[in-house]
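S.K.: One structure, pasted below without further comment.
The values are calculated or read from the model by the stated rules, or taken from the named source; none is laboratory data. Keep in mind it's a predicted model, so treat the numbers as computed, not measured. Here the Cβ is made from the backbone with ideal geometry for all residues, glycine too, and neighbour counts use every protein chain on show.
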């Protein structure tokens with residue numbers, strides 16, 4: 001039989017307040033069920049919840065780098081010829097070239 005955890009046990013494992021864990025369950029982020037009027041979670045569901053949270057954090061970090069022109073400029077600065085070409089070209093508003101130019105100027 002699969003291990004089932006109480007909200008208290010989950011909160012101790014995650015080192016969170018019980019109310020935070022209960023909120024995850026009540027919002028449906030962490031699958032759970034009531035047994036004898038006490039919220040419980042399957043260990044497998046907790047593992048999947050944690051893996052999803054890690055993946056969400058990774059995506060957030062990547063997104064912040066992708067959306068920041070300075071990050072692109074830091075990567076592309078290693079190629080001086082490319083930098084000159086981007087700096088000397090005219091790009092329409094909202095284009096990727098304009099985005100990169102903005103990144104160069106912020107360095």
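S.K.: For the subset of segment 81-107 comprising residues that are touching a helix residue (DSSP H, G or I) at 6+ places or on another chain (Cβ under 8 Å) and over 19 Å from residue 66 (Cα atoms), which member is modelled with the highest pLDDT?
M.R.: Ranking the qualifying residues of segment 81-107, first place goes to 92.
S.K.: Right, something else. Tell me, which helices (runs of 4 or more DSSP H) wholly within segment 1-97 include 3 or more residues that are at negative phi, free of Cβ contacts under 8 Å to residues at least 24 places away in the same chain and surrounded by 10 or more Cβ atoms within 10 Å (Cβ to Cβ)?
M.R.: Fully inside segment 1-97 and qualifying: 7-14, 18-26, 43-66, 80-88.
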